[in-house]
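Notes to accompany the following structure.
The values are calculated or read from the model by the stated rules, or taken from the named source; none is laboratory data. Quick caveat, the model's predicted, so the values are computed rather than measured. When we count neighbours, we look across all protein chains shown, and the Cβ atoms used for this are built from the backbone with ideal geometry, even at glycine.
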Amino acid sequence: MPSQDDLLLKEAFEQKPMTRATFLRRVLTWGANQLLASALTLLGVTVLMLQYDWRLCLAVSLVIPPLAAATGHFHKFGMKAYRELRAQSSRLTGAIAENIAGVRVAQAFAREQENLVRFQQLQGAYFDRFLAVARIFSRLTGGLAHRLAITGWLGG
(Lines give C-alpha, C1' and ligand atoms only; values in the text may rest on other atoms or scores of the structure.)
Protein backbone atom coordinates (compact mmCIF):
# COMPACT_ATOMS: atom_id res chain seq x y z
CA MET A 1 0.00 0.00 0.00
CA PRO A 2 1.50 3.39 -0.95
CA SER A 3 2.27 5.80 1.85
CA GLN A 4 0.57 9.16 2.25
CA ASP A 5 3.74 10.87 1.06
CA ASP A 6 3.78 8.77 -2.13
CA LEU A 7 0.14 9.60 -2.82
CA LEU A 8 0.77 13.29 -2.20
CA LEU A 9 3.75 13.38 -4.55
CA LYS A 10 1.89 11.41 -7.20
CA GLU A 11 -1.04 13.78 -7.05
CA ALA A 12 1.24 16.83 -7.05
CA PHE A 13 3.07 15.77 -10.18
CA GLU A 14 0.14 14.37 -12.14
CA GLN A 15 -1.60 16.50 -14.72
CA LYS A 16 -4.62 17.04 -12.48
CA PRO A 17 -4.95 20.70 -11.53
CA MET A 18 -4.59 21.42 -7.83
CA THR A 19 -4.46 24.81 -6.23
CA ARG A 20 -1.55 25.74 -4.05
CA ALA A 21 -3.90 26.13 -1.11
CA THR A 22 -5.16 22.55 -1.53
CA PHE A 23 -1.62 21.26 -1.82
CA LEU A 24 -0.51 23.22 1.26
CA ARG A 25 -3.53 22.05 3.26
CA ARG A 26 -2.79 18.41 2.44
CA VAL A 27 0.90 18.75 3.29
CA LEU A 28 0.12 20.40 6.64
CA THR A 29 -2.58 17.87 7.48
CA TRP A 30 -0.42 14.87 6.63
CA GLY A 31 2.56 16.46 8.36
CA ALA A 32 0.52 16.88 11.55
CA ASN A 33 -0.63 13.26 11.31
CA GLN A 34 2.94 12.07 10.82
CA LEU A 35 4.18 14.20 13.74
CA LEU A 36 1.47 12.80 16.03
CA ALA A 37 2.21 9.21 14.95
CA SER A 38 5.95 9.69 15.49
CA ALA A 39 5.45 11.27 18.93
CA LEU A 40 3.17 8.44 20.04
CA THR A 41 5.62 5.86 18.71
CA LEU A 42 8.50 7.50 20.60
CA LEU A 43 6.42 7.62 23.77
CA GLY A 44 5.41 3.97 23.43
CA VAL A 45 8.96 2.81 22.76
CA THR A 46 10.23 4.82 25.73
CA VAL A 47 7.65 3.23 28.04
CA LEU A 48 8.56 -0.26 26.80
CA MET A 49 12.28 0.41 27.24
CA LEU A 50 11.71 1.73 30.76
CA GLN A 51 9.85 -1.47 31.60
CA TYR A 52 12.60 -3.59 30.07
CA ASP A 53 15.73 -1.86 31.43
CA TRP A 54 15.94 1.72 32.68
CA ARG A 55 19.72 1.88 32.05
CA LEU A 56 19.25 0.98 28.39
CA CYS A 57 16.52 3.59 28.13
CA LEU A 58 18.84 6.18 29.64
CA ALA A 59 21.69 5.26 27.28
CA VAL A 60 19.44 5.49 24.24
CA SER A 61 17.84 8.71 25.47
CA LEU A 62 21.25 10.38 25.83
CA VAL A 63 21.63 10.09 22.07
CA ILE A 64 18.43 11.97 21.29
CA PRO A 65 19.56 15.59 22.09
CA PRO A 66 22.77 15.40 19.99
CA LEU A 67 20.81 13.71 17.22
CA ALA A 68 18.20 16.47 17.29
CA ALA A 69 20.95 19.12 17.20
CA ALA A 70 22.68 17.37 14.29
CA THR A 71 19.40 17.13 12.41
CA GLY A 72 18.72 20.84 12.98
CA HIS A 73 22.25 21.68 11.81
CA PHE A 74 21.80 19.52 8.73
CA HIS A 75 18.45 21.12 7.97
CA LYS A 76 19.83 24.64 8.35
CA PHE A 77 22.95 24.20 6.26
CA GLY A 78 21.92 21.24 4.13
CA MET A 79 18.83 22.88 2.67
CA LYS A 80 20.81 25.97 1.69
CA ALA A 81 23.50 23.82 0.08
CA TYR A 82 20.92 21.71 -1.76
CA ARG A 83 19.21 24.85 -3.09
CA GLU A 84 22.54 26.18 -4.35
CA LEU A 85 23.28 22.80 -5.94
CA ARG A 86 19.91 22.76 -7.72
CA ALA A 87 20.42 26.33 -8.93
CA GLN A 88 23.84 25.46 -10.30
CA SER A 89 22.41 22.32 -11.89
CA SER A 90 19.84 24.50 -13.66
CA ARG A 91 22.58 26.80 -14.95
CA LEU A 92 24.53 23.81 -16.21
CA THR A 93 21.47 22.29 -17.90
CA GLY A 94 20.68 25.65 -19.50
CA ALA A 95 24.21 25.95 -20.83
CA ILE A 96 24.05 22.45 -22.29
CA ALA A 97 20.71 23.17 -23.98
CA GLU A 98 22.01 26.49 -25.28
CA ASN A 99 25.17 24.88 -26.67
CA ILE A 100 23.26 22.08 -28.36
CA ALA A 101 20.70 24.45 -29.88
CA GLY A 102 23.36 26.93 -31.02
CA VAL A 103 26.04 24.51 -32.21
CA ARG A 104 25.89 25.77 -35.80
CA VAL A 105 26.11 29.40 -34.75
CA ALA A 106 29.03 28.60 -32.44
CA GLN A 107 30.80 26.81 -35.28
CA ALA A 108 30.07 29.62 -37.72
CA PHE A 109 31.64 32.19 -35.40
CA ALA A 110 34.37 29.82 -34.14
CA ARG A 111 33.19 30.04 -30.51
CA GLU A 112 33.64 26.38 -29.62
CA GLN A 113 36.59 27.07 -27.33
CA GLU A 114 34.81 29.93 -25.50
CA ASN A 115 31.72 27.74 -25.02
CA LEU A 116 33.89 24.90 -23.72
CA VAL A 117 35.62 27.20 -21.22
CA ARG A 118 32.26 28.54 -20.04
CA PHE A 119 30.89 25.01 -19.66
CA GLN A 120 33.97 23.91 -17.71
CA GLN A 121 33.53 26.86 -15.35
CA LEU A 122 29.89 25.97 -14.78
CA GLN A 123 30.79 22.32 -14.28
CA GLY A 124 33.52 23.28 -11.79
CA ALA A 125 31.05 25.40 -9.80
CA TYR A 126 28.57 22.51 -9.83
CA PHE A 127 31.25 20.14 -8.58
CA ASP A 128 32.19 22.54 -5.76
CA ARG A 129 28.56 22.80 -4.65
CA PHE A 130 28.16 19.03 -4.87
CA LEU A 131 31.18 18.58 -2.61
CA ALA A 132 29.72 21.07 -0.12
CA VAL A 133 26.50 19.05 0.03
CA ALA A 134 28.46 15.81 0.41
CA ARG A 135 30.51 17.29 3.28
CA ILE A 136 27.40 18.41 5.15
CA PHE A 137 25.70 15.05 4.65
CA SER A 138 28.80 13.09 5.67
CA ARG A 139 29.06 15.07 8.90
CA LEU A 140 25.51 14.11 9.79
CA THR A 141 25.78 10.45 8.86
CA GLY A 142 29.27 10.07 10.35
CA GLY A 143 28.18 11.50 13.67
CA LEU A 144 25.04 9.40 13.58
CA ALA A 145 27.04 6.22 13.01
CA HIS A 146 29.27 6.98 16.01
CA ARG A 147 26.30 7.66 18.26
CA LEU A 148 24.56 4.46 17.19
CA ALA A 149 27.73 2.45 17.79
CA ILE A 150 28.13 3.90 21.28
CA THR A 151 24.48 3.19 22.06
CA GLY A 152 24.87 -0.39 20.82
CA TRP A 153 27.99 -0.85 22.91
CA LEU A 154 26.33 0.49 26.05
CA GLY A 155 23.15 -1.47 25.49
CA GLY A 156 24.54 -4.65 24.30
Number of positions in the range 66-116 that are touching a Leu at 6+ places or on another chain (Cβ under 7 Å) and over 19 Å from Ser138 (Cβ atoms) | 3
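Which of the following residues is touching an Asp or Glu at 6+ places or on another chain (Cβ under 7 Å) and either at pLDDT 60 or above or not hydrophobic (A, V, I, L, M, F, W, C) (or both): Met18, Met1?
From the options Met18, Met1, the qualifying one is Met18.
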Output yes when any residue across the range 62-70 is surrounded by 13 or more Cβ atoms within 10 Å (Cβ to Cβ), of a type in the set (Gly, Ala, Ser) and modelled with pLDDT under 80, and no when none is.
-> yes
So is Ala110 on the phi > 0 side of the Ramachandran plot and either modelled with pLDDT under 85 or surrounded by 12 or more Cβ atoms within 10 Å (Cβ to Cβ) (or both) or not?
-> yes
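What do you reckon, is Leu36 surrounded by 12 or more Cβ atoms within 10 Å (Cβ to Cβ), aliphatic (A, V, I, L, M), assigned to a helix (DSSP H, G or I) and at pLDDT 85 or above?
Judged against the criteria, Leu36 is not a match.
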Is it the case that Val27 is over 30 Å from Ala125 (Cα atoms), surrounded by 11 or more Cβ atoms within 10 Å (Cβ to Cβ) and modelled with pLDDT of 90 or more?
-> no
